[in-house]
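Participant: Got a structure here, written out as structure tokens. Questions coming.
The values are calculated or read from the model by the stated rules, or taken from the named source; none is laboratory data. Just so it is clear, the model here is predicted, and its values are computed rather than measured. Cβ sites come from the backbone with ideal geometry, for glycine too, and all protein chains shown count toward neighbours. Note: areas computed on protein heavy atoms with side chains; ligands, DNA, RNA excluded. Shrake-Rupley method; radii C 1.70, N 1.55, O 1.52, S 1.80 Å.
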Amino acid sequence: MDELTDVPGLVALASGGLALIALILATVLAVKLRRLRAGQRVVLGAYGTADLVAHASDLQTAFTALSGHVEEVSERLDARMATAEERLDGAIAYRALVRYDAYGELSGHQSTTIALLDARQNGVVISTIAHRDTARMYCKQIHAGRGEQLLSPEEEEAVRLALTGEVGSVTLD
């Protein structure tokens, strides 16, 4: 037993202790490395043998290509949207209907004027003047909210109502 208490014995015990600690540390690191590789296999999937840096580089390349494709599609959609907006500017955006009795009779407000205008406030005003025996129809061009020809009060009202956005028909007395 004296051999363990003298200097070479103590050195041997210390070396054995260090060797045991190194063995435990190596075992712990081996387990952690095994878990890391298992996680890496999950992330890499079919790439299995490739390292994580190569996989990240491949992902970056794919992302760059996808980003370029998305940018291209976005530009095409912007162009299509601009074309659609130009088309819609020519569609009817404002409309109004005014009913009235053109001859001051009790005929039930059978005369009508309708204003149909686009986003630029261009369009037409159509008036139908109904009487017991006859009916007449008039159509006048509107540019920038104003008539090419002199508008009747009913036609002016129809244009005004259309441009203010009031919905429904209005009956004038």
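Participant: Please work out the average accessible area per residue across the chain, using the 1.4 Å probe convention, and give it in Å².
Facilitator: That works out to 75 Å² for each residue.
Participant: Find me the longest stretch of the chain that has none of the exposed GluC sites (Glu not before Pro), where exposed means in a DSSP loop (not H, G, I, E or B) with at most 15 other Cβ atoms within 10 Å.
Facilitator: Longest gap between qualifying sites, sites excluded: 1-104.
Participant: Also, quick follow-up: Quickly estimate the mean residue ellipticity at 222 nm for the chain, helices only: each DSSP H run with n ≥ 4 gives -39500 (n - 2.57), and the total goes over all residues, rounded to 500.
Facilitator: So the calculated ellipticity at 222 nm is -18500 deg cm²/dmol.
Participant: Take ASP101, ASP78, ASP6 and sort them by solvent-accessible surface of the protein heavy atoms, 1.4 Å probe, largest at the top.
Facilitator: ASP78, ASP6, ASP101
Participant: Quick one: helix 7-44 against the long Cα principal axis of the chain, what's the angle to the nearest 10°, folded into 0 to 90?
Facilitator: Result, in degrees: 30.
Participant: Do you know the relative contact order of the chain, to the nearest whole percent, from alpha carbon pairs under 8 angstrom that are 6+ apart? Kindly include the intermediate steps, with their values, before the conclusion.
Facilitator: On the way: 196 pairs, mean separation 28.1, N = 173.
Relative contact order of the chain: 16 percent.
Participant: What is the helix-to-structure angle for 52-89, meaning the angle in degrees between its Cα long axis and the longest Cα principal axis of the chain, kept from 0 to 90 and rounded to the nearest 10?
Facilitator: 0 degrees
Participant: Could you tell me what percent of the accessible area of the chain is made up of carbon and sulfur, with a 1.4 Å probe and every protein chain present? Please report the intermediate quantities before stating the final value.
Facilitator: On the way: 7850 of 12950 Å².
Carbon and sulfur together cover 61 percent of it.
Participant: Apply the Kirkwood formula to segment 1-95: the hydrodynamic radius equals the inverse of the mean of 1/r over all pairs of different alpha-carbon atoms; give it in Å with one decimal. Kindly include the intermediate steps, with their values, before the conclusion.
Facilitator: Values: mean 1/r = 0.0489 Å⁻¹.
Computed over Cα pairs of segment 1-95, the Kirkwood hydrodynamic radius comes out at 20.4 Å.
Participant: If you don't mind, another one. Could you give the angle, 0 to 90 degrees to the nearest 10, between helix 153-164's Cα long axis and the longest principal axis of the Cα atoms of the chain?
Facilitator: The helix 153-164 is inclined about 10 degrees to the chain.
Participant: Take the Cα coordinates of segment 66-154, assign each an equal point scatterer, and use the Debye formula without solvent to give log10 I(q)/I(0) at q = 0.13 Å⁻¹.
Facilitator: After summing over all Cα pairs, the log10 values are -0.58.
Participant: First measure r as the distance between the Cβ atoms of TYR138 and ALA84, then evaluate 1/(1 + (r/R0)^6) with R0 = 25 Å and state the FRET efficiency to the nearest 0.05. Present the calculation step by step, with values, prior to reporting the outcome.
Facilitator: Working: r = 34 Å, r/R0 = 1.35.
So, using R0 = 25 Å, E works out to roughly 0.15.
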